[in-house]
Structures are given as C-alpha cells and as structure tokens.
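Q: This is the structure I want to talk about, given as structure tokens.
The values are calculated or read from the model by the stated rules, or taken from the named source; none is laboratory data. If you're wondering where the values come from, they're calculated on a predicted model, not measured in any experiment. Glycine gets a Cβ as well: all are built from the backbone with ideal geometry, and neighbour counts include every protein chain shown. Please note that ligands, DNA and RNA were not included when accessible areas were found on the heavy atoms of the full protein model with its side chains. Shrake-Rupley method; radii C 1.70, N 1.55, O 1.52, S 1.80 Å.
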Amino acid sequence: MQFSDLSVIDPILKALAEEGYTTPTPIQEQAIPILLRRRDLLGCAQTGTGKTAAFAIPILQLLNEDRAKNPKAPRRIKTLVLTPTRELAIQIAESFTAYGRHLNLRHTVIFGGVSQHAQVNALKAGIDVLIATPGRLLDLMNQGFIN
C-alpha cells in the first residue's frame, strides 16, 4: 500500500516523499481513511510508529479542502492539538510544517517557559492549527488571546 492509495492529496504526497516516507505504517493505514471521512478516532500505538502523521495528514488535508472552499475567510483556530510537554509540542509542530509545506495553511506552537510575545503575534496573525501545552493554553485563554 502507498499513501496515494489512502486518497492523500498531491501536495501532501509530495511533502511525504520529500521526508522519505514511502509506505504508511499500520496506524497510518488504518487511521487516515477514517479521519478523512471526518469520523472520530482513538488510536493507540507504540512510540515511533507514526502516530503524529496518522492524525496530522488528514487534518491538513481536510483543512486544505475547507480553505479551498473559502480562501478569503479569516484564519481562526480550527484544530487544537493538546500535548503535555514543550518537547512534544515542538516535535508535532515540526511534523505539521513538514507535511503541510505545500499547502496554504498556518500553524503555531505555544508553550510556557518562554516569552509569550511571538506566540501572541502568531495568534493575532491568524492560524489554522494550534499545538499547545495546557498551561500556556489556559494562560492565553485567561488573557483573552484564545477563546
């Protein structure tokens, strides 16, 4: 099986090829078709099996479809990826950057322990995907930057 067999769109297929991805892992093969049908899914797999790609690829594809229907719509957070640590938040954001490099979508990552200035500016500029740790997310919600 190939990613193209999962109905993944060409811009994402190109990015996956640039990342050296050739065939989907079992979690990706099972999850991507379900998520592309906009169905809820709870997936469980060991570390290193491609879970991030299993959810990021369909998220990017669906957001791209929505943006194509209304390209001039203001950017608002449409997807929240909540993760417990800054290291994992950064890793997930890197994956969104890699898989979505040929799409007109924006994402940002927010976590504590650093100045919030750049994070707030990214939010104000408009994003489609927010990758966040709980503490900073709640902090920026309490300040009114996220609702």
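Q: Going by what's in this entry, would L80 be described as outside any loop (DSSP other than H, G, I, E, B), within 28 Å of S4 (Cα to Cα), within 12 Å of the chain's Cα centre (by Cα) and touching a residue at least 60 places away in the same chain (Cβ under 8 Å)?
A: No.
Q: Only one of (1) open to solvent by 80 Å² or more (accessible area, probe 1.4 Å); (2) free of Cβ contacts under 8 Å to residues at least 40 places away in the same chain is not met by D66, so which one is it?
A: Going through (1) open to solvent by 80 Å² or more (accessible area, probe 1.4 Å); (2) free of Cβ contacts under 8 Å to residues at least 40 places away in the same chain one by one, D66 breaks only (1).
Q: Which residue is farthest from N121 (Cα to Cα), if the candidates are limited to segment 78-104 and must be aliphatic (A, V, I, L, M) and open to solvent by 70 Å² or more (accessible area, probe 1.4 Å)?
A: L82
Q: Any idea which residue in segment 90-133 is farthest from F3 (Cα to Cα), counting only those that are assigned to a helix (DSSP H, G or I) and touching a residue at least 60 places away in the same chain (Cβ under 8 Å)?
A: A98
Q: With the condition kept exactly as written, say whether any residue in segment 108-116 is out of contact with any Phe, Trp or Tyr (no Cβ under 8 Å at 6 or more places or on another chain), open to solvent by 50 Å² or more (accessible area, probe 1.4 Å) and closer than 25 Å to L60 by Cβ.
A: no
Q: Residue check: is V8 in contact with a Leu (Cβ under 8 Å, 6 or more places away or on another chain), surrounded by 20 or more Cβ atoms within 10 Å (Cβ to Cβ) and either modelled with pLDDT under 95 or part of a loop (DSSP other than H, G, I, E, B) (or both)?
A: yes
Q: Search segment 27-59 for residues being among the charged types (D, E, K, R) and in a helix (DSSP H, G or I), and hand back the single one that is farthest from Q2 (Cα to Cα).
A: The residue in question is K51.
Q: Could you check how many residues of segment 36-52 are open to solvent by less than 40 Å² (accessible area, probe 1.4 Å), over 15 Å from L80 (Cα atoms) and under 15 Å from the mean Cα position of the chain (by Cα)?
A: 2
Q: While we're on this one: Closer than 19 Å to K14 by Cα and of a type in the set (S, T, Y) - does that describe any residue in segment 98-106?
A: Checking segment 98-106: at least one residue is closer than 19 Å to K14 by Cα and of a type in the set (S, T, Y).
Q: Would you mention how many residues in segment 120-136 are surrounded by fewer than 21 Cβ atoms within 10 Å (Cβ to Cβ) and within 17 Å of the chain's Cα centre (by Cα)?
A: The qualifying residues number 5.
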